[in-house]
Amino acid sequence: MDFICNFPAFSIVLSIMAAIISSALKGKWAKWLNLVVLFIVMGLSVCVLGYTIGNGDFFVYTMGKFPAPWGNEIRAGVLEGLMATFFCIIMILSLLGGRKHFYEDVEESRHNLYFIMTNLLLSSLLAMVYTNDLFTAYVFVEINTIAACGLIMVIQNGRTIEAAIRYMIMSLLGSGLFLIGICILYDLTGHLLMSNIQESVTALVANGEYQIPLVMAIALLCVGLAIKSALYPFHSWLPDAYGYSTISSAAMLSSLVSKGYIFLVIKIIYRVIGFDVFVDSKIINILFVFGVLGMIVGSLDAIRENDIMRMIAFSSVAQIGYIYMGFGLGSEAGMVASVFHIFSHAATKALLFISAMGLRDASGGSKAFIDLTGAGRRNVIAGIGFTIGGLSMVGIPTFSGFVSKLLFSQAAIQADSKMLITLIALAISTILNAIYFMKTVIRIYSPVENEQPISLKIKNPVYVVSIVFFVILNVVLGMWSTTIVSLIESGLGMFR
């Protein structure tokens, strides 16, 4: 086995060790350790991506050299390498973009705690991406939940504590359902490794055995992770969690945490249950219905908001609905569209949160729309960043959101029974997106009385760099989408 095959395990262990070491460091050194680890892990992930592209196939790393079914496995292909690389990039840019406010919002005594949670979050995301063991996935799902709660309530005020408690309650409900689903699958198949489970599930379906328990297991796994990823109507915790936490936390929670759970759903569909079995289970219809409802209701809630942070948070409900709607189409094209939208939404949503922070600072610290008038003229880089993020969410060509909606439309045309509903939902959602994003863009560029001259002086260069790279990432996804889609198709092919 080539040495690069060790890199996924190195990445996970390195992140966990960084969390442990950070507990003994002061905040400043914990921050630098976190950034160094992030760059190292990103480099390792790029190597994994390049290796799997070159080989044209996935590889399996056996932990401790114990064979199945007793051992634990890591499995990496093109999609895993791409996702791990992307997660690292988003986390680095989110931390850099919110650095100034991190020092203002978080007490110095809690700085190292914040980076402990960040490292744990990174390790759990990487484990969910790479693991081939269902119970290991559950363990890191719980680590992810704890880390996310820590990132929410690190500010320690009433709103963040309430938001963290609501998040924990809903998340534990999802975790419980997910664990019950794992227990049923283990009882039916006798395995915890994903590939072994799929072999047993295929045999059970072929023999017509235990069909009702199998459908229940699939439903529990999917619903449990749907709750944790804030699919409508399980999204009530999301606006407060995103709206009141530190800006770096909001960017990471919206872009990474929910996407880790969704990526695990994809692995379950392909690698645990089997795509054909999943489609035949009809559970895709449930995901499709809730996905379409989420697309519409999330956008309507965003329109009613007068707080820019909560508006962006409700927009995430709609975008998560897009992803599950793509799952519900029950086709390869729908899955490709959903995976691409994971990348598109992650890059765009983090950009919107980071940009909104700059607009808030230019408006006396207020998040209310009435006070944001002219904010894009007072903070030019934040205004540009928010405008590009809004245009992407609406689906303007050149940006990643346009490619997402194009892929969803193409997938809908191939799904005869769901084509009309999907296209209508896409049209309505796009109009609603335009209403709340474009009204915000118009407001932040509207002139105000006694307006100060526009200043192009850069006061926070790290913030500017973060915005610029987020914009570049969005444009790359939009302009070079053919390459990204090709990698996604190759990665999904390796999932089978």
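The values are calculated or read from the model by the stated rules, or taken from the named source; none is laboratory data. What you see is a predicted model, and the numbers here were worked out from it, not measured in a lab. Please note: Cβ atoms are built from the backbone with ideal geometry, for glycine as well, and neighbour counts cover all protein chains shown. Heavy atoms of the whole protein, side chains included, go into the accessibility calculation; ligands, DNA and RNA do not. Shrake-Rupley method; radii C 1.70, N 1.55, O 1.52, S 1.80 Å.
Annotations
- The protection proxy used here, the mean number of other Cβ atoms lying within 10 Å of each residue, ranks peptides 311-318, 289-296 as follows, highest first: 311-318, 289-296.
- Between the range 352-415 and the range 238-300, the Cα center-to-center distance that results, in Å: 21
- Within the full protein context, the accessible area of F3 is estimated at about 130 Å² for a probe radius of 1.4 Å.
- On the beta carbon distance between E332 and I286, with R0 = 22 Å, the FRET formula returns roughly 0.65.
- When T189, T160 are compared by accessible area of protein heavy atoms, the largest-first order is T189, T160, using a 1.4 Å probe.
- Counting only Cβ charges, +1 for Lys and Arg and -1 for Asp and Glu, the dipole size of the chain around its Cα centre is about 1140 debye.
- Straightening the chain between Q410 and M17 buys 137.0 nm, computed as 0.36 nm per residue apart minus the Cα-Cα spacing.
- When the residues K349, K65 are ordered by accessible surface, computed with a 1.4 Å probe over the protein chains alone, the sequence from largest down reads K65, K349.
- Net charge of neighbours whose Cβ lies under 13 Å from the Cβ of A368, counting Lys and Arg as +1 and Asp and Glu as -1: +1
- Stretch gain in nm, segment N460-N207, where the contour uses 0.36 nm per residue and the Cα spacing is subtracted: 84.7 nm
- Taking θ as phi - 60° and the Karplus parameters 6.51, -1.76 and 1.60, the scalar couplings of the range 115-129 work out to 7, 4, 5, 5, 5, 5, 4, 4, 4, 5, 5, 5, 5, 5, 6 Hz in sequence order, x denoting glycine and proline.
- Mean residue ellipticity (222 nm) of the chain, computed from DSSP H runs ≥ 4 via -39,500 (n - 2.57), nearest 500: -25000 deg cm²/dmol
- Packing-based ranking of 262-270, 470-478, 115-123 yields 115-123, 262-270, 470-478, ordered from highest to lowest mean Cβ neighbour count within 10 Å.
- Total charge dipole magnitude, the range 306-402, about the Cα centre, Cβ charges on Lys, Arg, Asp, Glu only, Debye to nearest 20: 240
- Heavy-atom surface of the range 229-283, accessible at 1.4 Å and reported per residue (Å²): 16
- Amide H to amide H distances under 5 Å link E73 with M63, N132, D133, where only residues 5 or more positions off or on other chains count and H is placed in the peptide plane.
- Assigned charges on the beta-carbon of Lys, Arg, Asp, Glu; the range 190-307 dipole about Cα centre (debye): 140
- Residue-count net charge about L192 - beta-carbon cut-off 12 Å; Lys, Arg +1, Asp, Glu -1: -3
- Under 5 Å, built H, 5+ apart or other chain: amide partners of Y445: G374, G376
- Taking the chain and dividing mean pair separation by its residue count, relative contact order in percent (alpha carbons under 8 Å, at least six apart): 15
- Full-stretch length increase - A368, V448 - with 0.36 nm per residue and alpha-carbon distance subtracted: 27.2 nm
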